[in-house]
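Colleague: Below you'll find the structure I mean.
The values are calculated or read from the model by the stated rules, or taken from the named source; none is laboratory data. Please read all numbers here as calculations on a predicted model, not as lab measurements. Backbone-built Cβ (ideal geometry, glycine too); neighbour counts: all protein chains shown. When the accessible area is computed, the model is the full protein with side chains, heavy atoms only, and any ligands, DNA or RNA have been set aside. Shrake-Rupley method; radii C 1.70, N 1.55, O 1.52, S 1.80 Å.
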Amino acid sequence: MPALTTTSDGFLLHGEPLRIVSGAMHYFRVHPDQWADRLRKARLMGLNTVETYIPWNLHQPDPDGPLVLDGLLDLPRYLDLARAEGLHVLLRPGPFICAEWDGGGLPTWLTESGDVRLRTSDPRYTGAVDRYLDLLLPPLLPYMAASGGPVIAVQVENEYGAYGTDTAHLAHLAGALRSRGVDELLFTCDQADPAHLSAGSLPGTLATATFGSRVEENLARLRAHQPEGPLMCAEFWIGWFDHWGGPHHVRDAADAAADLDRLLAAGASVNIYMFHGGTNFGFTNGANHYHAYTPTVTSYDYDAPLTESGDPGPKYHAFREVIARHTGVPDEPVPAPAPKLPVTEVVLDRRAPFLPHADLLAKPVRTEDPATAEGLGLRAGYVLYRTALPAAGDGVLHFAGGVGDRAQVFVDGSPAGVLERERHDETLPVRAPRAGATLDVLVENMGGVNYGPHIGDPKGLLGRVTLDGAAVREWECRPLSLADLSALPFEPVPDSVSGASTGPVFLRGGFDVREPADTFLALPGWTKGQAWVNGFHLGRYWNRGPQRTLYVPAPVLRPGANELTLLELHATTAARAVLTDTPDLGPEPS
Ligand code: GLA
């Protein structure tokens, strides 16, 4: 018997009426030492519930390996903290989660062969899902409300109506949850469109809708689809995410609060997406692909009530006022913004060039034609492809199938050009100074598509390479996860190159901290690359914007000596970085 049940127009929890006033916060986008703080701030805004997805790709990185459930992925601990704060939890285990997350959470080992029909009844897909749920659910069952835990409902799939029509596959997923002991209320969520709602719904499972505005119209569509039961907006979009090269999205707090007011006045339950967006740390961001490929930036601030660094923003106050009028808020003060580190300059005074040291980071795999990143067993990161050009002179390289997703080409170590998936690039003119010149192609996976038919598209070089029509063969392929940089021999930056550097190059510098506090890494004069603080992979930077600073959570800093490492792929005008006290996610639209 589920703890949460439905009436003709509402929810009952253990038989008592419950209006769900929830906010989304993905544990895997927030440093674990900050979970408790963020959950407390959720309760103080007046939320009675938090919602999270579960990212399959991180929890099961190896199809035959154990489930990863520690650190940033310690979901049981997150659920304990939510319970301690008195919050209910909505769990969205996918297995597909969208969420602007790498591949929508589907592991690359599943998409590698390219022929598993994802999100369908294909037994190769449902079999892999079943094995994952065999591992995932036993540690979560004690957290179900029926066992006294905080989890009051579990979502089946995610906006399936926007993707497919294989309802049998939805039924399989619901059955897989039930047969493994999940008795709680199950729900589906779909965009508030009649076609989406009917393709994504499952008889016997509560249908909910996702939308950000036109509240009455969208609730009416949900009601038309489902004549009885609670009205629930499972994703009330109060902001949005950004793509590299696109605008920085913001939504007016008063406008979003007015729509929240309409939702609550209509008697609906709500999950605010996002309450606290957090960060796509490391290589975890997703991408969209409509007409072209557009990767998502590192920040997932989402213009949410709680900013990326966990401070209450204008929406926090505006939403709290609305919630106070409908369901009440705790009689406790609104939390103040957390202290920030004083502005600190970091001099990057040690360096290690990337291409000559690639062997220290990954063993080469020899192939006739280039292997894809997935074929090399790489979940995320870069692949360096190396071969020799047969003859001296000019020629045109052709990369069949294009690149996944951005390739820098070097001849004898000198940059020859860049190919981008976003621009559908497939050719590049090159000049070989000599027969046997080294051709290096460094390909960056910019994030797996998380929505639509391109989910699971491969990364790396995607086909054969030719030079003026003749096959270029005998490649060394190095899969570079950059998970461990300890083998790199950093050397002092010589005076002759101080102040500027051409990449690809790793640069490193130290800085002192008196008392750890949140800070934001600004890289004026730098082009594109990756950043780590004390070994914690903050994620990508790119002067293309809109995002200009990377969030550095206080818990990755320590009192005393700290270390910043950058991988600069192109060039920097100054070997200096700045830790600043204000985030810059890009200009707001005027
Ligand atoms: C949909 C998905 C979410 C997320 C939002 C946009 O509603 O269900 O996972 O991708 O869009 O942020």
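Colleague: Work out Dmax and Rg for segment 99-143 from the C-alpha atoms and quote the Rg first, both in angstrom.
Modeller: Radius of gyration, then largest Cα-Cα span, for segment 99-143: 12.1, 37 Å.
Colleague: With a point put 7 Å past each Cα toward its Cβ, work out how far residue 135 is from residue 332 in nm, to one decimal.
Modeller: Going by the 7 Å Cα→Cβ label model, 3.6 nm.
Colleague: Let me ask you something else. Net charge near residue 302, counting Lys/Arg +1 and Asp/Glu -1 over other residues with Cβ under 12 Å of its Cβ?
Modeller: Details: positive: 29, 251, 315; negative: 100, 235, 242, 301, 303, 308.
Result for the local shell: -3.
Colleague: Less than 11 Å Cβ to Cβ from residue 51, Lys/Arg counted +1 and Asp/Glu -1: what total charge do the surrounding residues give?
Modeller: That works out to 0.
Colleague: Label 7 Å along Cα→Cβ of residue 37; segment 274-296 residues with amide nitrogen under 19 Å?
Modeller: Only 275-282 pass the distance filter.
Colleague: Determine the gain in length on full extension of the stretch residue 1-residue 500; use 0.36 nm per residue of separation and subtract their C-alpha separation, reporting nm with one decimal.
Modeller: 173.1 nm
Colleague: Give the aspartates and glutamates reachable from residue 315 as a straight Cα distance under 13 Å; neighbours fewer than 8 places away on the same chain don't count.
Modeller: 252, 255, 259, 261, 301, 303
Colleague: Now a separate question. Based on DSSP H runs of at least 4 residues, each adding -39500 (n - 2.57), what is the mean residue ellipticity at 222 nm of the chain after dividing by all its residues, to the nearest 500 deg cm²/dmol?
Modeller: Calculated mean residue ellipticity at 222 nm is -5500 deg cm²/dmol.
Colleague: Separate question: For segment 545-589, list residues with backbone N below 19 Å from a point placed 7 Å from the Cα of residue 514 toward its Cβ?
Modeller: In segment 545-589, the label zone of residue 514 (backbone N under 19 Å from the point 7 Å along Cα→Cβ) covers 554-555, 557-563, 579-582.
Colleague: Distance between the C-alpha centers of segment 127-182 and segment 82-97? Whole Å please.
Modeller: 12
Colleague: Any chance you could check the Cα centroid distance between segment 513-551 and segment 439-506 for me, in angstrom?
Modeller: With segment 513-551 and segment 439-506 each reduced to a Cα centre, they are spaced 20 Å.
Colleague: Accessible area of residue 72, 1.4 Å probe, to the nearest 10 Å²?
Modeller: Here the residue's solvent-accessible area equals roughly 50 Å².
Colleague: Does anyone have the angle between helix 35-45 and the longest principal axis of the chain? Alpha-carbon axes, 0 to 90°, nearest 10?
Modeller: With both axes taken from Cα atoms, the answer is about 40 degrees.
Colleague: Around residue 329, which amide H atoms from residues at least 5 apart in sequence, or from another chain, sit under 5 Å from its own amide H, with H modelled in the peptide plane?
Modeller: Amide H neighbours of residue 329: none.
Colleague: Could you work out how far helix 167-179 tilts from the main Cα principal axis of the chain, as a 0 to 90 degree angle to the nearest 10?
Modeller: Taking the Cα atoms of the chain, the angle to 167-179 is about 70 degrees.
Colleague: Follow-up question, since we're still on this one. Can you compute the modelled spin-label distance between residue 388 and residue 474, with each label point 7 Å from Cα toward Cβ, in nm?
Modeller: 0.6
Colleague: Quick one: net charge around residue 174, please, counting Lys, Arg +1 and Asp, Glu -1 for every other residue with C-beta under 14 Å from its C-beta. Intermediate values should be presented prior to the final figure.
Modeller: Values: positive: 92, 178, 180; negative: 130, 157, 166, 183, 184.
Residues near residue 174 contribute -2 overall.
Colleague: Something else now. Is segment 482-567 rounded, prolate or oblate when judged by the Cα gyration tensor, a ≥ b ≥ c being the square roots of its eigenvalues, rounded requiring a/c under 1.5 and prolate requiring a/b larger than b/c?
Modeller: oblate
Colleague: In percent, how large is the relative contact order of segment 1-131, given Cα pairs closer than 8 Å and 6 or more residues apart?
Modeller: Working: 170 pairs, mean separation 27.8, N = 131.
About 21 percent, as a whole number.
Colleague: Is segment 389-489 best put as rounded, prolate or oblate by its Cα gyration tensor, with a ≥ b ≥ c the root eigenvalues, rounded for a/c under 1.5, and otherwise prolate when a/b is larger than b/c, oblate when not? Display every interim value, and only then the final one.
Modeller: Working: a/c = 2.24, a/b = 1.30, b/c = 1.72.
It comes out oblate by the Cα gyration axes.
Colleague: Go through segment 318-331 residue by residue and turn each phi into a ³J(HN,Hα) via Karplus (6.51, -1.76, 1.60, θ = phi - 60°); whole Hz please, and just put x for glycine and proline.
Modeller: 5, 5, 4, 4, 5, 5, 4, 6, 9, 10, x, 10, x, 7
Colleague: Starting from the amide H of residue 373, placed 1.01 Å from N in the peptide plane, find each other amide H under 5 Å away whose residue is 5 or more places distant or on another chain.
Modeller: 459, 460, 461
Colleague: Follow-up question, since we're still on this one. Please find the FRET efficiency linking residue 262 to residue 198, where r is the Cβ-Cβ separation and R0 is fixed at 25 Å, and quote it to the nearest 0.05.
Modeller: Step by step, r from the Cβ atoms, then E = 0.50.
Colleague: Between segment 303-335 and segment 8-42, what's the alpha-carbon centroid distance in Å?
Modeller: Between the Cα centre of segment 303-335 and that of segment 8-42, the gap is 14 Å.
Colleague: Please work out whether segment 68-112 counts as rounded, prolate or oblate from its C-alpha gyration tensor, where a ≥ b ≥ c are the square roots of the eigenvalues and a/c under 1.5 means rounded, while otherwise a/b larger than b/c means prolate and anything else oblate?
Modeller: Since a/c reaches 1.5 and a/b is larger than b/c, the shape of segment 68-112 is classed as prolate.
Colleague: Using a 1.4 angstrom probe, figure out how much accessible area the chain has per residue, in square angstrom, rounded to the nearest whole. Intermediate results must be reported in sequence, preceding the final value.
Modeller: Numbers: 21390 Å² over 590 residues.
So the chain comes to 36 Å² accessible per residue, rounded to a whole number.
Colleague: Separate question: Could you work out the relative contact order of the chain, using alpha carbon pairs under 8 angstrom and six or more residues apart, expressed as a whole percent?
Modeller: Dividing the mean separation by the residue count of the chain yields 15 percent.
Colleague: Short version: ³J(HN,Hα) in whole Hz for each residue of segment 564-570, in order, from phi by Karplus 6.51 cos²θ - 1.76 cosθ + 1.60 (θ = phi - 60°), x for Gly and Pro, what are they?
Modeller: Here the 3J(HN,Hα) series is 10, 10, 10, 10, 9, 7, 10 Hz.
Colleague: Using a 1.4 angstrom probe on heavy atoms only, work out the carbon and sulfur share of the accessible area of segment 40-146 in %.
Modeller: After summing per-atom areas, the C and S share lands at 54 percent.
Colleague: So, one more: Can you give the angle from 0 to 90° between the axis of helix 123-140 and the longest principal axis of the chain, with both taken from C-alpha atoms, to the nearest 10?
Modeller: The angle comes out at about 70 degrees.
Colleague: I need the peptides 177-186, 453-462, 334-343 ranked by packing, meaning the mean over residues of other C-beta atoms within 10 angstrom, with the highest value on top.
Modeller: Highest mean packing first, the order is 453-462, 177-186, 334-343.
Colleague: Run through segment 216-312 and list the GluC sites (Glu not before Pro) located in a DSSP loop whose Cβ has at most 15 other Cβ atoms within 10 Å.
Modeller: 228
Colleague: Could I ask something else about it? What distance in nm separates the two pseudo spin-label positions at residue 216 and residue 228, each 7 Å out from Cα along the beta-carbon direction?
Modeller: According to this spin-label approximation, the distance is 2.7 nm.
Colleague: Now for a different question. Kirkwood Rh over Cα pairs of the chain into Stokes-Einstein at 10 °C, 1.306 mPa s: D in µm²/s?
Modeller: Answer, rounded: 63 µm²/s.
Colleague: Using amide H atoms built in the peptide plane, which far-off residues or other-chain residues are under 5 Å from residue 417 H to H?
Modeller: 409
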